[in-house]
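The structure appears right after this line, and notes come after that.
The values are calculated or read from the model by the stated rules, or taken from the named source; none is laboratory data. Since we're looking at a predicted model, the values are computed, not measured. Heads up, the Cβs are rebuilt from the backbone with ideal geometry, glycines too, and the neighbour counts pull from every protein chain shown. Surface areas here come from the heavy atoms of the whole protein model, side chains and all, with no ligands, DNA or RNA. Shrake-Rupley method; radii C 1.70, N 1.55, O 1.52, S 1.80 Å.
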Amino acid sequence: MCGIFGYTGPRPATPLLLEGLAGLEYRGYDSAGICVASAGGGAGLQVVRAAGKLPALRERVEAERPQGRTGMGHTRWATHGPPTEANAQPLVSGEGRGQVVTVQNGIVENHAELRNELSGLGFSFASDTDAECIPHLIRHYMSEGMDLAGAVRSAAGRLRGANAVVAMAAGEPDRMVAMRIGHAGGLVIGAGSGEALVASDLAAISPHARSVHYLGAGEVAEITAGAVTLTDLSGSPVARPPSRAPQDPARSFAVAPGPAARPSRNGSSAHRPQGSGGHFMIREIDEQPEALARALEGRMPAPGGAVRLGELSIPDEYLRSVGRVVLIGMGTSLHAAMVGRMWIENLAMVPAEVDNSSEFRYRRPVIDERTLVISVSQSGETADTLAAMEEARARGAVQVTLSNAEGSHATRIADAALPIRAGAELGVAATKTFTCSLTALYLLALHIGRARGVSAGGADAAADLARLPELVRGALGRQDRCEEVAGRYKDAGNFLYLGRGLSFPLAMEGALKLKEISYIHAEGYPAGEMKHGPISLIEEGVPVVALMPAGELFDKMLSNVHEVRARGGRVLAVTTEDASGLEGAASDILTVPAAPAALSPILMSVPMQLLAYHIGVLLDRDVDRPRNLAKSVTVE
């Protein structure tokens, strides 16, 4: 959750901090703040905070005008304490030359114990947060004669739980110290020309950095404009050379203007202006053909060949020996993994199962070196998925991770990484990262099938995949129809999404999108489960979204549609244009181009995303920054 951005160097820090936080606001937007060390340290550390989203902080900054060339900022996703100014970070301990200020991403699990201890030492608390004990602890150790770095290391040894922290002290105004323990969201430190930066996300610093250090668990970084020094928690040097900072424009936070505002039928703007263009979410939905083409680039076979992922550093000999595949993920990534499981079984003929990352390590999974674990995480920093990966590593499993973030923690745990190549996604609700994750999983299933000599993973399946970007472009061309249908369903209080086979995970994903964006209650179920309970919820007018592409399961889904209609339910069918038999059975129909059945989850994701988006817009929701959510879930 929470976004951290810091800078030290020759340039004024405040504008850079605000720019960096704007790119990180997807990680949390309950409150925000910055801390700037005044030039020469004469005025100490200047802290400005505000409740609410970033514009509220900008107003405060314009009024108070903090000046300096070293500083750090924070945008918060609330865990302990409501989103008030008092609970906003940076958090402060002391005043004058003894002042210590920190920003944090994570949860201090033993905060109550530490609060009691520190209160007994005379420290007073001004917030409800768990994180306020951190600056107090650091100041306590500095009062015993330690410098900032030593005090941070000592404080880290007292904290339980996963935490990433950046600290500043008034007595060391040109220095920041960062530390990471456990599986808290990553910290990336970048070095430029006489300047250094630290952030929660590589994309936030890549425009400014020439080289980067990825801070590992149990490591501390001392950051000045001219040097970055890494140590472990005991103070011993960590000898690890920096990596080259990627300069991929697709990762930049400088998002190009979106499509022009397009009037909707009710007179509002379907692309409400935000900054220089429309919502991030609709832009990212519209970018999917290009994103999918990137995901396929260089991975498709020559005519008549089979998929071979040369970047996947796992020998074919091992893939032939695999006895079982386990896929793990959370939220949208879990739904992608559920589809991937079926593809791996169908295209590679190897047993596969799916587990929620947060539950995986609590059930003592029976896995070994012949178990291939595939983790799916858009950020590569999802705390529960990282913990599950560590559990798998401890049990000897070989791991592949799918991520949209180069250099993420997940890529450093796994034996091999398969980037999904979606490009920067700033809307909190996953859209193009979902379809790119699915595409990468399909490629991986074909790759494993080829290694195992399974003909189902051959050239025909790969040829079908090559058509995907144009098929998705065709689905996006029906957006007006999705907007029209959204206007008829926006006032519903509950939705039920049903699907079978490959469409069942998509039903769960469609329901999740609607919940996230519109705040309407929705549930996704396997259609065969409907008569085992959910059918009791169907009454006159209740909308039921039936996902039913043409194919062998269409007739079974059609029977479910009639069961819903017999009880007064209102059926919105999502199907392929080559299906027939829905006339008179469904109240409304959304279609996508006809496509091979195996690819239907990717194609049918488009109307699910558009339906959620347009309902959210019509209800005047903040579709880019839905309440209570954050893009990267870095706390357990």
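Points worth noting:
- Condition met for Arg294 (closer than 30 Å to Asp624 by Cα, of a type in the set (Lys, Arg) and at pLDDT 50 or above): yes
- Of everything in the stretch 312-329 that is touching a Pro at 6+ places or on another chain (Cβ under 8 Å) and surrounded by fewer than 17 Cβ atoms within 10 Å (Cβ to Cβ), the residue that is farthest from Ala392 (Cα to Cα) is Gly323.
- Test: residue in the stretch 205-216 that is buried (at least 24 other Cβ atoms within 10 Å of the Cβ), in a loop (DSSP other than H, G, I, E, B) and without any contact (Cβ under 8 Å) to a residue 40 or more places away in the chain: yes
- Of residues in the stretch 230-244 being without any contact (Cβ under 8 Å) to a residue 24 or more places away in the chain and not hydrophobic (A, V, I, L, M, F, W, C), the one farthest from Ser154 (Cα to Cα): Pro241
- The set of residues in the stretch 405-434 that are closer than 19 Å to Ile189 by Cα and not aliphatic (A, V, I, L, M) comprises Glu406, Gly407, Ser408, His409, Thr411, Arg412.
- Helices (runs of 4 or more DSSP H) contained entirely in the stretch 449-521, each with at least 1 residues that are free of Cβ contacts under 8 Å to residues at least 12 places away in the same chain: 459-466, 479-489, 503-518
- Taking the listed residues Lys556, Lys531, the one that is modelled with pLDDT of 90 or more and either on the phi < 0 side of the Ramachandran plot or aromatic (Phe, Trp, Tyr) (or both) is Lys556, with no other qualifying.
- Restricting attention to the stretch 219-235 and to residues that are closer than 17 Å to Ala151 by Cβ and assigned to a loop (DSSP other than H, G, I, E, B), the residue that is least open to solvent (accessible area, probe 1.4 Å) turns out to be Gly235.
- Qualifying residues in the stretch 330-385 (those that are assigned to a loop (DSSP other than H, G, I, E, B) and of a type in the set (Lys, Arg)) - the one surrounded by the most Cβ atoms within 10 Å (Cβ to Cβ): Arg370
- Residues that are more than 21 Å from Leu45 (Cα to Cα) and either in contact with a Phe, Trp or Tyr (Cβ under 7 Å, 6 or more places away or on another chain) or among the charged types (D, E, K, R) (or both), drawn from the stretch 73-115: Glu109, Glu113, Arg115
- The stretch 522-536: number of residues that are out of contact with any helix residue (DSSP H, G or I) (no Cβ under 6 Å at 6 or more places or on another chain) and either over 21 Å from Ser600 (Cβ atoms) or open to solvent by 40 Å² or more (accessible area, probe 1.4 Å) (or both): 7
- So Pro82, is it under 24 Å from Gly23 (Cα atoms) and either open to solvent by less than 10 Å² (accessible area, probe 1.4 Å) or of a type in the set (Phe, Trp, Tyr) (or both): no
- Residues that are farther than 17 Å from Ala37 by Cα and of a type in the set (Val, Ile, Thr), drawn from the stretch 54-99: Thr75, Thr79, Thr84
- Test: residue in the stretch 537-551 that is free of Cβ contacts under 8 Å to residues at least 24 places away in the same chain and surrounded by fewer than 20 Cβ atoms within 10 Å (Cβ to Cβ): no
- Residues located in the stretch 581-599, provided they are assigned to a helix (DSSP H, G or I) and open to solvent by 10 Å² or more (accessible area, probe 1.4 Å): Ala597, Ala598
- Scan of the stretch 120-141 for residues that are open to solvent by 50 Å² or more (accessible area, probe 1.4 Å) and closer than 24 Å to Gly33 by Cβ, ordered by number: Ser124, Ala126, Asp128, Arg139
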